[in-house]
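**Q** This structure is in structure tokens; I'll ask about it shortly.
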Amino acid sequence: MVTGAGSERGIGRAVAHRLARDGWSLLLLDVDGGGVRRRADEVARELADGASVLGLACDVTSPDAVAAALAAADEQLPPVAGLVNLAGIPSPTPLLEVTLAEWDRVMAVNATGSLLLVQEAGRRMVAAGHGRIVLTSSVTALDGGGTFSKSAYAAAKAAVLGLARGAARELGPHGVTVNALVPGPVDTDIMGGALDDERKAQMAAGIPAGRVGQPADLAEVAAFLLSDGAGFVNGTTFSVDGGMHMH
Ligand SMILES: NC(=O)c1ccc[n+]([C@@H]2O[C@H](COP(=O)([O-])OP(=O)(O)OC[C@H]3O[C@@H](n4cnc5c(N)ncnc54)[C@H](O)[C@@H]3O)[C@@H](O)[C@H]2O)c1
């Protein structure tokens with residue numbers, strides 16, 4: 001199960017393609033963003049030859065929508081064994097100007113959405129005695145932001161880290177691992193458009209690997225964290241940032 005899977009140049013779509021190569025059946029979720037090409041069903045059609053794939057519109061902030069998506073998967077797909085939650089939105093507004101409405105939405109999509117997905121998928125995984133959950137934080141949670149997004153996003157992505165650790169502790173005894181990806185800057189459209197070469201070069205200057213990340217960099221790590229061999233990797237904050245934060 002991959003959320004945020006409908007973005008044309010996003011990490012979720014790359015993860016969906018990577019997992020399809022590993023033979024996973026897939027439930028792909030994304031908001032049906034008016035006018036924006038973020039359609040999970042289109043990505044599902046790209047993959048339909050390789051795996052059994054269901055793409056649905058789902059706002060991860062809605063408990064009813066998340067429950068309905070999982071119920072549809074119960075009907076049409078094998079039991080959910082892995083979740084990669086990539087649905088997320090930024091908050092570029094400076095702290096002293098951020099409105100409560102923006103704060104609430106950023107917390108709802110990034111943090112509350114993670115909770116709802118962990119609960120819906122986690123219940124099924126606990127019942128099965130096996131599961132793999134990957135949540136998505138950000139280097140912004142560690143350094144307070146400034147590049148892509150600011151304080152509200154940092155707070156929401158820090159909440160994701162706490163949730164991942166708590167879930168790892170509570171679900172671990174049931175055979176379910178929970179880890180958090182901590183991406184550095186990745187070349188997607190999350191800020192509303194592609195990064196230009198000048199911006200990429202500026203960002204790369206602060207990254208020991210000498211470049212910004214690509215969605216495929218995250219997809220490889222997500223595929224590993226979902227694999228059978230990753231069963232003893234639990235509660236980690238898995239940096240994929242070219243060495244931006246060494247800890
Ligand atoms: N790109 C980066 O530099 C970067 C760095 C750190 C963390 N991240 C995180 O990685 C994840 C993927 O981001 P991306 O870079 O691929 O950006 P993206 O904008 O391409 O993808 C995010 C996806 O989430 C979806 N989404 C937003 N609100 C949603 C909702 N309410 N319900 C369901 N889906 C929703 C969007 O429609 C979009 O398809 C996000 O959680 C983001 O915060 C990205």
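**Q** Give the residues of the stretch 85-99 that are away from the ligand (no atom under 15 Å from the Cβ) and either of a type in the set (Asp, Glu) or under 14 Å from Asp189 (Cα atoms) (or both), sorted by residue number.
**A** Within the stretch 85-99, just Glu97 meets the criteria.
**Q** Condition first: in contact (Cβ under 8 Å) with a residue 24 or more places away in the chain and more than 7 Å from the ligand (Cβ to nearest atom). Now tell me which residues in the stretch 182-203 satisfy that.
**A** Residues satisfying the conditions are Val182, Asp187, Met191, Ala194, Met203.
Residue-wise test of (1) closer than 25 Å to Ala152 by Cα; (2) away from the ligand (no atom under 15 Å from the Cβ); (3) among the basic types (Lys, Arg); (4) under 18 Å from the mean Cα position of the chain (by Cα).
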{"site": "Arg18", "(1), (2), (3), (4)": "no, no, yes, yes"}
{"site": "Arg21", "(1), (2), (3), (4)": "no, yes, yes, no"}
{"site": "Ser25", "(1), (2), (3), (4)": "no, yes, no, yes"}
{"site": "Asp59", "(1), (2), (3), (4)": "yes, no, no, yes"}
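**Q** Here's another thing I want to ask about it. Hey, Glu8 hits all of (1) more than 13 Å from the ligand (Cβ to nearest atom); (2) under 24 Å from Thr140 (Cβ atoms); (3) out of contact with any Ser or Thr (no Cβ under 9 Å at 6 or more places or on another chain) but one; which does it fall short on?
**A** So the condition that Glu8 fails would be (1).
**Q** In the list Ala180, Ala167, which residue meets the criterion of being in contact with a helix residue (DSSP H, G or I) (Cβ under 7 Å, 6 or more places away or on another chain), under 23 Å from Val2 (Cα atoms) and assigned to a helix (DSSP H, G or I)?
**A** Within the list Ala180, Ala167, the selection yields Ala167.
**Q** Going through the stretch 29-55 one residue at a time, which ones are at pLDDT 90 or above and within 10 Å of the ligand (Cβ to nearest atom)?
**A** Leu29, Asp30, Val31, listed by residue number.
**Q** Let me ask another. May I ask you to list the residues in the stretch 141-192 that are in contact with a Leu (Cβ under 8 Å, 6 or more places away or on another chain) and of a type in the set (Asp, Glu)?
**A** Asp187
**Q** Got at least one residue in the stretch 148-163 being surrounded by 23 or more Cβ atoms within 10 Å (Cβ to Cβ), charged (D, E, K, R) and in a helix (DSSP H, G or I)?
**A** yes
**Q** Oh, and also: Could you tell me how many of the residues in the stretch 207-217 are surrounded by 13 or more Cβ atoms within 10 Å (Cβ to Cβ) and farther than 11 Å from Pro183 by Cβ?
**A** Looking only at that region, the number is 4.
**Q** So Val53 clears everything in (1) over 19 Å from the mean Cα position of the chain (by Cα); (2) more than 22 Å from Ala156 (Cβ to Cβ) except one condition, right? Which one?
**A** That leaves (1) as the condition not met.
**Q** Which members of the stretch 132-147 meet the condition of being closer than 26 Å to Glu97 by Cα and outside any helix (DSSP H, G or I)?
**A** Thr136, Ser137, Ser138, Val139, Gly144, Gly145, Gly146, Thr147
**Q** Can you name every residue in the stretch 128-147 that is crowded, with 23+ Cβ neighbours inside 10 Å and in contact with a Lys or Arg (Cβ under 6 Å, 6 or more places away or on another chain)?
**A** Ser137, Ser138, Thr140
**Q** Against the condition surrounded by fewer than 18 Cβ atoms within 10 Å (Cβ to Cβ), of a type in the set (Lys, Arg) and within 14 Å of the ligand (Cβ to nearest atom), how does Arg105 come out, does it pass?
**A** yes
**Q** Same structure, new question: Regarding Met125, is this residue more than 16 Å from the ligand (Cβ to nearest atom), buried (at least 18 other Cβ atoms within 10 Å of the Cβ) and not acidic (Asp, Glu)?
**A** yes
The values are calculated or read from the model by the stated rules, or taken from the named source; none is laboratory data. The structure presented is a predicted model; accordingly, all values stated were derived computationally and were not measured. Glycine gets a Cβ as well: all are built from the backbone with ideal geometry, and neighbour counts include every protein chain shown.
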